[in-house]
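The values are calculated or read from the model by the stated rules, or taken from the named source; none is laboratory data. Computed from a predicted model, the values in this text were never measured in an experiment. Cβ placement follows ideal geometry from the backbone for every residue including glycine, while neighbour counts extend to all protein chains displayed. These area figures cover heavy atoms from the full protein model, side chains too; ligands, DNA and RNA do not enter into them. Shrake-Rupley method; radii C 1.70, N 1.55, O 1.52, S 1.80 Å.
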Amino acid sequence: MASSRLATTRAFLRAGLFVSVFSASATGVVMAQHHVPRLGISPLADVVAAMTLEEKVSLLVGMGMNLDLPILPPIDPADAAVPEKVPGAAGRTHAIPRLGIPSLTLADGPAGLRIAPVREGDESQTYFATAFPVATLMASSWDTAMVRMVGKAFGREVREYGVDILLAPGMNIHRNPLGGRNFEYYSEDPLLSGSMAAAFVAGVQSEGVGTAPKHFVANNQEFNRMRSNSLVSERALREIYLKGFEMVVRRSQPWAVMTAYNFINGTHAPESRDLLTGILRNEWGFTGFVVTDWFGGIDPVAMMKAGNDMLMPGFLAQTDAIVAAVAAGALSEAQLDANVTRVLKIVLQSPAFDDYPYSDRPDLEAHAALARRVAGEGMVLLENEGGALPLPATGTVALFGNAAYDPWVGGTGSGDVNEAYVVGVDQGLATLGLTIEPDLRDDYRAYIERAKAERPPSPIVFLPPPPIAEFEVSAERIATLAGSADVAVIVVGRNAGEFRDREEEADFLLTEGERSMIDAASTAFHAAGKRVVVVLNIAGVVEVASWRHQVDAILLAWQPGQEAGNAIADVVTGRVNPSGRLPMTFPMRYADVSSAANFPGDVLPGFENEQGSPLIGRPTEVRYEEGIFVGYRHHETFGVPAAYPFGYGLSYTTFTHGAPSLSAASLDGEIAVTVEVTNAGKVAGREVVQLYVRAPGETLEKPARELRAFAKTGMLRPGESERVTMVLTAADLASFDTARGAWVTEAGAYDVQIGASAHAIAGRARFDVPRELVVARVGNLLTPPVPIDEMGRR
């Protein structure tokens, strides 16, 4: 009945008709035809009041994904018949023409706008988007101004392709190096992650389009992601996993926030009123709307009540359930009105509402140049023995590794981009004047083309086909090349993406073939007095401690976008002095990771033999037993050595830091910390100044140090100095006291530590907090259903 009524209503709406209303008069019943209120002309409350129940629900439930896949729930055939405004976009909302409400278009885009490059019936143009460097690389720049510039470029592409909301940035914490979507996210540290995301969102939205930071919250693994329950203490949630989202909401007010697939302490994220109303709106002051991840959540009525306003991509069963719940009194229309109002407020800001004349022609050339620049700024020089880099401007390079000729520019799934081209490392080096050993190059190219043609297709939509095996180059051939080439450059490639996490074997660890190649190249080229350089073209952290001593230099290039080869060439030849710093820890071994023992989780008893869908999974529980001790907080507090610590990175020059000076000896509102940085080397470069604080830890257990501020200098010429000032407030220093449901800055002495990394502290200063400061009393929300102490331990 409800479905039939809704279909009739939708047909009526598409006709764009006016409403006939009856009014009584002294002479009888008179029919009068009136124009209904219109969005943007009439008060918003009047527009909502004029909407029928079915119209309200249609605004909140998307139009579905028009894909011929049997696993997807059915959508309204009438919706499927409506042509897509932007083919390849992830979702769209229903238009209500009679009320002046347009359809919004939402598209994926953590590393670049994801739309279809080819459109049926339009062979005159291809619709490419820029593949920018992945979020982890952008975080490695520690440069919020540059990330805001990237956001603006994203925003221009979103606007000019007719999209209203970009489903980005990804903001989940790098809890574990095997997380399948870590490349979409920024960091293991909430301050760095939140700062980058706030800059990105501000940049995108300055172009008049919206963002939807995701996945809210504690979605730190892909394993059984739709049926996984994250058991995590409230303190860890507040200080680690929610903090970055709080920063982006308070600083940049995104138009939307996307909820996660997982459960949080027993409640589905999109069905958690504590999360969406208690924290997001009431505590942080979020004014936009909340949208599900695609097909996220189970109970559409519970999602509406929780404050999850939009269900994406939407399907008929959700529509019918909400209409029936209102009719039965299980869902109040007042709640529905609140959901609708939040969506309409964003519609009013959208390009679709303004009928923006999008061009389908963003400036891809300018954006590619920006992508190249950002990639160079975010690459991290991990090793450089004897000044092995930069390479001379001329010479012959023996270039090894599939990824040298076919680089990984970004990850898979919704983080993929349809870019116009990809620059290989061979091409980038050759463009800058180096000679690539031709026979080796030709053999690699032929092998890659053949192996790709022979591999089986992907069994699941959004999953890429399996990677091809590494081309084998014999030790004898490598020895011959060492006689003719001037340097060996080995590119190690790794990809990752949606639906599955990485593995320790042959992923975090190098493969046997990669180790053999490094062994053979190091032996042969070093015997000839020549250098060996490794470039890591990777989506996530890999083990380096067991082999790094064999090579002369290691450049961490991450997944640098479509200009990959040019950007890598810029750094290895010295056109760009690397200034990237690690946004996460590289452990000595996987077992040293604080979450290694409980990642990615355990299938619940009784479901071990269930044939779970690879897209949905089986009921799983993951226990965040490390609490707040994620990444460097774990390594520095408990003395666990790291291969490369958080914040680490080398340069082609050297920097010195003066002693930090404080604006006051005790905290009264805020304290300014000033440091003078000097380029003491011979090459112009930029330095990242990292400010860590050690709190007293008398009332609450604290890490040995926590990043509380950072800044990046401008380009300093040799001998040039810059004074950097960073400000600390009580809120910056506060910890969450679960027993009191409050953010508290405890009294005592605070140690300010200026570092070149979380492990290398160059200068210290101290200040006092004379008395305990209760920064905010917020109460207890998202409480675990099982006894977990404040550090995450059962």
Find the residue count for the range 126-174, including only residues that are under 11 Å from VAL209 (Cα atoms), β-branched (Val, Ile, Thr) and assigned to a loop (DSSP other than H, G, I, E, B). 1
Residues being of a type in the set (Lys, Arg) and surrounded by 23 or more Cβ atoms within 10 Å (Cβ to Cβ) - total across the range 666-704: 1
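Residues checked against (1) touching a residue at least 60 places away in the same chain (Cβ under 8 Å); (2) assigned to a helix (DSSP H, G or I); (3) closer than 26 Å to ALA545 by Cα:
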position	(1), (2), (3)
ILE448	no, yes, no
ALA453	no, yes, no
PRO459	no, no, no
PHE462	no, no, no
ALA482	yes, yes, yes
SER516	no, yes, yes
Applying the selection to the range 274-313, what residues are open to solvent by less than 20 Å² (accessible area, probe 1.4 Å), farther than 24 Å from GLY779 by Cα and touching a residue at least 60 places away in the same chain (Cβ under 8 Å)? VAL291, ASP293, GLY296, PRO300, ASP309, MET310, LEU311, MET312, PRO313
Search the range 549-573 for residues that are under 9 Å from MET379 (Cβ atoms) and pair each with any residue that is among the hydroxyl-bearing types (Ser, Thr, Tyr) and at pLDDT 95 or above when their beta-carbon atoms are under 9 Å apart and the residues are at least 6 apart or on different chains. LEU556/SER140; LEU556/TYR644; TRP558/THR136; TRP558/SER140
Looking only at the range 629-654, which residues are more than 18 Å from ALA709 (Cα to Cα) and open to solvent by 20 Å² or more (accessible area, probe 1.4 Å)? HIS634, THR637, PHE638, GLY639, VAL640, PRO641, ALA642, LEU650, SER651, TYR652, THR654
Residues being closer than 11 Å to ALA488 by Cβ, open to solvent by 10 Å² or more (accessible area, probe 1.4 Å) and of a type in the set (A, V, I, L, M, F, W, C) - total across the range 507-540: 4
Does the range 421-438 contain any residue that is surrounded by fewer than 16 Cβ atoms within 10 Å (Cβ to Cβ) and in a helix (DSSP H, G or I)? yes
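The rows are residues; the columns are (1) among the β-branched types (Val, Ile, Thr); (2) farther than 30 Å from THR480 by Cα; (3) in contact with a Phe, Trp or Tyr (Cβ under 9 Å, 6 or more places away or on another chain).
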| position | (1), (2), (3) |
| --- | --- |
| PRO362 | no, yes, yes |
| ALA369 | no, yes, no |
| GLY378 | no, yes, yes |
| THR394 | yes, no, no |
| GLY413 | no, yes, yes |
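So in the range 479-501, with the set limited to residues that are among the acidic types (Asp, Glu) and within 22 Å of VAL542 (Cα to Cα), which one is surrounded by the most Cβ atoms within 10 Å (Cβ to Cβ)? It would help to see each step written out before you state the result.
Pass one, the range 479-501, residues among the acidic types (Asp, Glu): 486, 498, 501.
Remaining after also requiring within 22 Å of VAL542 (Cα to Cα): 498, 501.
Working: GLU498: 20, ASP501: 22.
Filtering the range 479-501 for residues that are among the acidic types (Asp, Glu) and within 22 Å of VAL542 (Cα to Cα), the one surrounded by the most Cβ atoms within 10 Å (Cβ to Cβ) comes out as ASP501.
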As an exercise: evaluate ALA371 against (1) open to solvent by 10 Å² or more (accessible area, probe 1.4 Å); (2) in contact (Cβ under 8 Å) with a residue 40 or more places away in the chain; (3) within 30 Å of VAL417 (Cβ to Cβ) and give the number of the one condition it does not meet. (1)
Quick one: is LEU178 touching a residue at least 24 places away in the same chain (Cβ under 8 Å), buried (at least 24 other Cβ atoms within 10 Å of the Cβ) and in a strand (DSSP E or B)? no
Report the residue count in the range 226-283 for those that are more than 19 Å from the chain's Cα centre (by Cα) and assigned to a loop (DSSP other than H, G, I, E, B). 5
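Among the residues of the range 545-563, count how many are part of a loop (DSSP other than H, G, I, E, B) and within 25 Å of GLY428 (Cα to Cα). Show your work before the answer.
Just the residues of the range 545-563 that are part of a loop (DSSP other than H, G, I, E, B), to begin with: 545-547, 551-552, 557-563.
With within 25 Å of GLY428 (Cα to Cα) added as a condition, the list becomes 551-552, 557-563.
The number of residues fulfilling the criteria is 9.
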Among the numbered criteria (1) closer than 24 Å to MET138 by Cα; (2) surrounded by 19 or more Cβ atoms within 10 Å (Cβ to Cβ); (3) of a type in the set (A, V, I, L, M, F, W, C), which single criterion is violated by ALA734? (1)
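Residues are listed down the side, and each one gets a yes or a no for (1) among the polar types (S, T, N, Q); (2) farther than 22 Å from LEU481 by Cβ; (3) within 33 Å of the chain's Cα centre (by Cα):
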| residue | (1), (2), (3) |
| --- | --- |
| LEU429 | no, no, yes |
| THR435 | yes, no, no |
| ARG441 | no, no, no |
| LYS452 | no, yes, yes |
| PRO464 | no, yes, yes |
| PRO467 | no, yes, yes |
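Table: residues versus (1) over 23 Å from ALA564 (Cβ atoms); (2) open to solvent by less than 20 Å² (accessible area, probe 1.4 Å).
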{"position": "ALA111", "(1), (2)": "no, yes"}
{"position": "ASP122", "(1), (2)": "yes, no"}
{"position": "THR130", "(1), (2)": "no, yes"}
{"position": "ALA139", "(1), (2)": "no, yes"}
{"position": "TRP142", "(1), (2)": "no, yes"}
{"position": "MET149", "(1), (2)": "no, no"}
{"position": "LYS152", "(1), (2)": "no, no"}
Here is a list: GLU543, GLU504, GLU476. Which entry is out of contact with any His (no Cβ under 9 Å at 6 or more places or on another chain) and surrounded by 19 or more Cβ atoms within 10 Å (Cβ to Cβ)? GLU543
Positions within the range 323-360 being in contact (Cβ under 8 Å) with a residue 60 or more places away in the chain, under 18 Å from PHE289 (Cα atoms) and open to solvent by less than 50 Å² (accessible area, probe 1.4 Å), in sequence order: LEU336, ASP337, ASN339, VAL340, THR341, VAL343, LEU344, ILE346, VAL347, SER350, PRO351, ALA352
Single residue of ALA212, ALA168 found to be closer than 25 Å to ASN339 by Cβ and touching a Ser or Thr at 6+ places or on another chain (Cβ under 7 Å): ALA168
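Of SER187, SER206, SER193, which residue is polar (S, T, N, Q) and open to solvent by 10 Å² or more (accessible area, probe 1.4 Å)?
Working: SER187 fails: open to solvent by 10 Å² or more (accessible area, probe 1.4 Å); SER193 fails: open to solvent by 10 Å² or more (accessible area, probe 1.4 Å).
Going through SER187, SER206, SER193 in turn, the sole match is SER206.
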Checking the conditions here, which among GLY580, GLY601 is touching a Ser or Thr at 6+ places or on another chain (Cβ under 7 Å), of a type outside the set (Lys, Arg) and closer than 27 Å to TYR405 by Cβ? GLY580
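Condition test on HIS657, is it closer than 15 Å to ASP189 by Cα, in contact (Cβ under 8 Å) with a residue 24 or more places away in the chain and surrounded by 15 or more Cβ atoms within 10 Å (Cβ to Cβ)?
On the way: closer than 15 Å to ASP189 by Cα: no; in contact (Cβ under 8 Å) with a residue 24 or more places away in the chain: yes; surrounded by 15 or more Cβ atoms within 10 Å (Cβ to Cβ): yes.
In short, no.
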